[in-house]
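Input: one structure, supplied below.
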Amino acid sequence: MTDWSPLIISLKTAFLSTFITFFFGVYAAFLVVKVKRFQGLMDTIFTLPMVLPPTVVGFFLLLLFGKQSFLGQIFLSVGVNFVFSWEATVVSAVVVSFPLMYRTTRGAFEQLNPDLIYAARTLGISEFKIFWRVILPNTWYGIMAGLILSFARALGEFGATIMTAGNIPGLTQTMSTAIYSAVQAGDNATAFFWVSIVCAISFAVIIMMNYWMNHQQQFAEFISKRKRGTKNVVVR
């Protein structure tokens, strides 16, 4: 009988980590676009997990949350062992997928026409409402693309996960670590089974990504044609 726990754990981890990454990624992108000083330094820090090997990211997470660390001691004082727990898989997925969400969202914010924000300010709208009613709706397609990429990255995370959460069946074993275990044990049938599922999900994610990008392009072309048509009416 097939044990579906790696799929369930992977999906739970990917969905929760994507939910968390959405808020952190959007906030970080908005902060970097808005600030003037130390923008390059902040961008480097936020993008670093994307270029570092996942095992290096996992090593830093162990230093941060391990039993000998300050945070690790706090967790242990309340009876929580962060390392080799399901929560560790979520944190690992958040860290490695965050740069994708951040970079994609930042690109969407930078492409936004600043005249929309200036016009909203002249109408006396607060910065909070400008963000939720002007910036977010006009960059939603770019943010959705970042969400899709972050979900795919979190779903396939391996290096940082196996460093911090291990490969415990039924608890922290994701599809990626299940493939690793199957290959190590010489069980090619099980490895091929999980590889097929991962490939199928990744294929579906790519289709969704292409759909959003095409829809965004069509929407931009529609807005551009509408603006040109309005100008022609004014001229006449």
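Out of the stretch 28-61, which residues are within 15 Å of Thr89 (Cα to Cα) and open to solvent by 60 Å² or more (accessible area, probe 1.4 Å)?
Within the stretch 28-61, Thr55, Phe59, Phe60 qualify.
Let me ask something else about it. With the requirement that a residue be surrounded by 17 or more Cβ atoms within 10 Å (Cβ to Cβ), closer than 19 Å to Ala108 by Cβ and in contact with a Phe, Trp or Tyr (Cβ under 7 Å, 6 or more places away or on another chain), what does the stretch 10-27 give you?
Of everything in the stretch 10-27, those that are surrounded by 17 or more Cβ atoms within 10 Å (Cβ to Cβ), closer than 19 Å to Ala108 by Cβ and in contact with a Phe, Trp or Tyr (Cβ under 7 Å, 6 or more places away or on another chain) turn out to be Thr18, Thr21, Gly25.
Under 6 Å between Cβ atoms, at least 6 apart or on separate chains: pull out the pairs that start in the stretch 167-178 with a residue that is within 11 Å of Phe84 (Cβ to Cβ) and end on any residue that is of a type in the set (A, V, I, L, M) and open to solvent by less than 10 Å² (accessible area, probe 1.4 Å).
Close Cβ pairs (under 6 Å, with a partner that is of a type in the set (A, V, I, L, M) and open to solvent by less than 10 Å² (accessible area, probe 1.4 Å)) amount to Thr172/Ala165.
Which members of the stretch 194-214 meet the condition of being in contact (Cβ under 8 Å) with a residue 24 or more places away in the chain and within 25 Å of Phe84 (Cα to Cα)?
Answer for the stretch 194-214, where residues must be in contact (Cβ under 8 Å) with a residue 24 or more places away in the chain and within 25 Å of Phe84 (Cα to Cα): Trp194, Ile197, Val198.
Right, something else. Anything in the stretch 3-34 that is of a type in the set (D, E, K, R) and assigned to a helix (DSSP H, G or I)? List them, or say none. Give the steps one after another, and end with the answer.
Initial filter on the stretch 3-34 (of a type in the set (D, E, K, R)): 3, 12, 34.
Hits for the stretch 3-34 are Lys12, Lys34.
Can you find a residue that is open to solvent by 60 Å² or more (accessible area, probe 1.4 Å), assigned to a helix (DSSP H, G or I) and in contact (Cβ under 8 Å) with a residue 24 or more places away in the chain anywhere in the stretch 62-77?
No: zero hits.
On to the next question. Going through Ile148, Ile125 one at a time, which residue ends up being touching a residue at least 24 places away in the same chain (Cβ under 8 Å) and among the hydrophobic types (A, V, I, L, M, F, W, C)? Give the steps one after another, and end with the answer.
Details: Ile125 fails: touching a residue at least 24 places away in the same chain (Cβ under 8 Å).
Sole residue among the options that is touching a residue at least 24 places away in the same chain (Cβ under 8 Å) and among the hydrophobic types (A, V, I, L, M, F, W, C): Ile148.
Would you mind listing the helices (runs of 4 or more DSSP H) fully within the stretch 104-209 where at least 3 residues are open to solvent by 40 Å² or more (accessible area, probe 1.4 Å)? Let's see the steps before the verdict.
Details: elements: 114-122, 127-130, 140-155, 159-164, 175-184.
Answer list for the stretch 104-209: 114-122, 127-130, 140-155, 175-184.
The values are calculated or read from the model by the stated rules, or taken from the named source; none is laboratory data. Remember, predicted model here, so these are calculated numbers, not experimental data. Cβ atoms come from the backbone with ideal geometry, glycine included; neighbour counts cover every protein chain shown. Each accessible area value is taken on the protein alone, full model and side chains, heavy atoms only, with ligands, DNA and RNA left out. Shrake-Rupley method; radii C 1.70, N 1.55, O 1.52, S 1.80 Å.
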